[in-house]
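Here is the structure we will look at, set down as structure tokens.
The values are calculated or read from the model by the stated rules, or taken from the named source; none is laboratory data. All values derive from a computational prediction rather than experimental measurement. Please note: Cβ atoms are built from the backbone with ideal geometry, for glycine as well, and neighbour counts cover all protein chains shown.
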Amino acid sequence: MASSTITAAEMMEAERHLSRRCKIMKGLIKAHGPCTIGRSRRDPFHVLCTSIISQQLSVKAADTIQARVATAVLAGAKFMPTHFIEVEFELLRSAGLSNAKAKWLIAIAQKVHSGEFSFEKLRKLDDEAAIEALDALPGIGRWTAEMYLMFALARRDLFALDDVGLRNGVNRLFNDGAKLDDEATLAIAERWRPYRSIASWYLWRAMEAAPKVG
């Protein structure tokens, strides 16, 4: 499987490819500069936790609650399974987490700590198998799994069809704002292979609606 980082040379090749294949993407690359996906290695458990915390929240709200949770569990800059295994449930609730999110973080921490879930094994899976493995965890659906693969594992070729920001970006940039169906949207994204994750980053920049991960 690909490395969880992307070198500057690899990113330049991705951006050259996108620019050759798509005039609109060429303009976005020129406007927004180098993509930051895969620029540095991300801690897998920490990214998974922040992905759960940020679900259905604005970036500002997610940042606030993430900071409160980190303070509550004495996590410092990085969440680890030990921060959640023996934590009082009400402590997480008082930090601003919903009942569901608090339960999910505790359950996932227990699975990782016990070895029932392995990030090392996850890295070796192809994209769809990795999404299935993540989707089986409490609180992780397909969208969160796709965001995780993009931002924690730097997988190059994912397009999250259920992401509202991406869909709005495609509609606005490729169809004058009119809503495109799934088939038409995927047909447009097809031209960006094998770098659809990188193209997604530029669509988020254009829409100023990047997901909060990490």
Region 166-177 residues that are without any contact (Cβ under 8 Å) to a residue 24 or more places away in the chain, paired with ones that are of a type in the set (Lys, Arg) and not in a helix (DSSP H, G or I) (beta carbon under 9 Å, 6 or more apart): 167/179; 171/179
Looking only at region 184-208, and only at residues there that are in contact with a Gly (Cβ under 8 Å, 6 or more places away or on another chain) and either within 22 Å of residue 153 (Cβ to Cβ) or surrounded by 22 or more Cβ atoms within 10 Å (Cβ to Cβ) (or both), the one that is modelled with the lowest pLDDT: 204
Restricting region 147-179 to residues that are in contact with a Ser or Thr (Cβ under 9 Å, 6 or more places away or on another chain) and among the charged types (D, E, K, R), the residue that is farthest from residue 37 (Cα to Cα): 167
For residue 90: the one exception among (1) crowded, with 16+ Cβ neighbours inside 10 Å; (2) out of contact with any Gly (no Cβ under 7 Å at 6 or more places or on another chain): (1)
Test: residue 106 is touching a Leu at 6+ places or on another chain (Cβ under 8 Å) and either at pLDDT below 95 or of a type in the set (Val, Ile, Thr) (or both): yes
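Residue-by-condition table, conditions (1) under 22 Å from residue 52 (Cα atoms); (2) without any contact (Cβ under 8 Å) to a residue 12 or more places away in the chain:
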{"residue": "124", "(1), (2)": "no, no"}
{"residue": "136", "(1), (2)": "yes, yes"}
{"residue": "145", "(1), (2)": "yes, no"}
{"residue": "148", "(1), (2)": "yes, no"}
{"residue": "154", "(1), (2)": "yes, no"}
{"residue": "157", "(1), (2)": "no, no"}
{"residue": "194", "(1), (2)": "no, no"}
{"residue": "204", "(1), (2)": "yes, no"}
{"residue": "207", "(1), (2)": "no, no"}
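If we scan region 29-52, do we find a residue that is of a type in the set (A, V, I, L, M, F, W, C) and farther than 26 Å from residue 142 by Cα? Step through it out loud before you land on a result.
As a first pass, look at region 29-52 and keep what is of a type in the set (A, V, I, L, M, F, W, C): 29, 31, 35, 37, 45, 47-49, 52.
Restricting the remaining residues to those that are farther than 26 Å from residue 142 by Cα gives 29, 31.
Yes, there is a match, as at least one residue in region 29-52 is of a type in the set (A, V, I, L, M, F, W, C) and farther than 26 Å from residue 142 by Cα.
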Elements of type helices (runs of 4 or more DSSP H) in region 36-104, at least 1 residues being more than 21 Å from residue 201 (Cα to Cα), touching a residue at least 60 places away in the same chain (Cβ under 8 Å) and not basic (Lys, Arg): 44-53
Residues located in region 105-117, provided they are in a helix (DSSP H, G or I), touching a helix residue (DSSP H, G or I) at 6+ places or on another chain (Cβ under 7 Å) and without any contact (Cβ under 8 Å) to a residue 24 or more places away in the chain: 106
Residue count for region 138-180, restricted to those that are part of a loop (DSSP other than H, G, I, E, B), among the β-branched types (Val, Ile, Thr) and under 9 Å from the mean Cα position of the chain (by Cα): 0
